Structure formats: structure tokens, C-alpha cells
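Structure first, commentary second.
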Amino acid sequence: MLINLYPWKMPRLNILSFAEQEGFDNPRELSGEERKIHFRINSSVSSFLKSIRKPENKLVFALTLYHFKISKKFFAFAAFNIKDIKYVSHLLQLDNLKGKKSNLGSKVFHKYKEQIAEYLGYQTFDQKAKVLLYSKTYKLAMQYVKPKVIFNDCIELLLEQKIEIPKYNTIRAIIIEALQEYKNSLLNILEKKLTVEIKEWLDELLLFDIDKSVYKLTLLKGFYQSVKPKEIRFNTSDFITLQEKHDKLQSIIKELPINARGIEYFATTVIKSDVFRIKRRM
């Protein structure tokens, strides 16, 4: 069977642990002193609140504003800590609303987000921001940067550009799409450039050598440390084999959008994996 080079689906990629995801997608828990620092009313905030008729909406707006200033993220009212709700309710002299649920519509909430972002000199996360993150992620994918590093770089980019930080899954989906697209670009080139002959001798590496009771690829992954003539001959023979295969593939490798780190990544994967696992990836 020839090597299958058609694009594969990426396995489920969890960049952050469950606990990290929860922390990322929810408001930071504040101490009493931090509430005093962050939850304050100035003339601009008062102006916004005066334009809002419903008391419960005033509370939502204020909490949304305060937490966006802290994290550069927008949260649904249900995500806010009850202590924050009580504190801001008292600050706005709306003590009768403590703990009350919000029935704020999505259109009104979207309006609030736009107002808050503009007031603080930020942009809401939109299609342009998605394109920006995708471009950043794709470039990092070509450099074989680890997903968590890519994730953190995306956050830094949003902060630099003064753009709202979206939910974890939004960023994760963009990263997965970029990684998949990059891998597909490699596979598409290989599918066009690898001849049937080359595929066949690559397949031969996965054949089992009955005489030596080992796969041919496994033999090439080993290296004799001894200086005995016999072991030296084995090493020399393996190097010649690898050199021949390298020479045949060199022109194809040059056409791939891949750097030395990428080649090292795939080489390390092959070295660390047994043949059974390599076959499963095909």
C-alpha cells in the first residue's frame, strides 16, 4: 500500500487545561481592596449610566465596564461574582437589585460592548480581528511554535492592538484552523511532487525484515557506538542509504514551506514513534 498523503483531520487540541479555561473565560475574583480600586464612578461613567433607563441595566453596564477595564474581556452577567454584584449595586445605590438576574437582550448588550470599547479606546473582536489572529497563527505554525505559545502570542497581539480578548474556544478554533491549513499545504505539495517510485521506496522503510526481526526503518534509526569494523560497516551502509534517500527528496523538500525546526520536528516524531504508530498516521 502506498503512503496516504491526503489531508488528515487534527486530533482534538486542548491548549489550556480545564481549570485554565475556566479561569480564562470568567471574571477574575477580586479582593475587597481591589474592588475599591477598580469599581469607581467618574463623570464619564455617570454620563453613561444616566442614559440607561432600567436600574438592572445600569448594574450590568457598570459591571461589564469595570471588568473589561481589568481583563479586556466581556462577560455575561451570570458570570459575575455575587460579591461584585453587591458592591456595585451599593455603589450605584441600587441595593434592592443585589443578586437579581439580568434579562438584558443581546442587542442591548452588544450596544453596551460597543460603547465601552469605544470609551476605553478598544475595538470589539470582529472578523478583522479573526483574520489578524489567523495570519499571526499561520506564520507561527510554519515555525513549529507550540500551540500554547501561539495562544499566548495571540493574546499579546490583541492587547497591543487594543482589541477585545474573546473566549478561549474562539482563539482555539482559529489556531486549529491555521495549523490544519498549514499541514494541508504541506500534504498538497507532497501529493503533487512525490512520484509512485518514491512513495514505494518510502513504503519499503515500513516493511518487516524477517532475517533481522526488525522493521527497516527501525534499523536506520539506530546507530552503533562501537568502533569495531563490523559495526562501522553497518553505520556506513546506513549513512549511504540515508544519503541516497535524502538526495532523491532534496528537490521536493526545498519546495515545502518548512524550516529546519519543522524538519527536526518530523524527524523527532519518527525517531520517538514505533512503526505501528507511524502506520496509523498514514
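How would you rank Phe239, Phe68, going from fewest to most other Cβ atoms within 10 Å of each one's own Cβ?
Phe239, Phe68
Amide H of Gln123: which non-local residues (sequence gap of 5 or more, or other chain) have their own amide H closer than 5 Å, using H built in the peptide plane?
Ile163, Glu164
Per-residue HN-Hα couplings for region 63-78, Karplus 6.51 cos²θ - 1.76 cosθ + 1.60 at θ = phi - 60°, whole Hz, x for Gly and Pro?
Calculated HN-Hα couplings, in order: 5, 4, 4, 4, 6, 5, 4, 6, 10, 6, 10, 9, 10, 5, 4, 4 Hz.
Please sort 245-257, 14-26 by packing, taking for each peptide the average over its residues of neighbouring beta carbons within 10 angstrom, highest first.
The peptides rank, most packed first, as 14-26, 245-257.
Peptides 107-119, 166-178: what's the order by average Cβ count within 10 Å, highest mean first?
Answer by packing, highest mean first, reads 166-178, 107-119.
For each of Leu120, Leu186, Leu140, count neighbouring Cβ atoms within 10 Å of the residue's Cβ, then give the residues from fewest to most.
Leu120, Leu186, Leu140
Once you sort the root eigenvalues of the Cα gyration tensor of region 18-119 as a ≥ b ≥ c, which label holds: rounded (a/c under 1.5), prolate (a/b larger than b/c) or oblate (the other case)?
rounded
Bear in mind that the values in this text are calculations on the coordinates, not laboratory data. What you see is a predicted model; the values in this text were computed from it and never measured. Cβ coordinates were reconstructed from backbone atoms using ideal geometry, including for glycine residues, and neighbour counts include every protein chain displayed.
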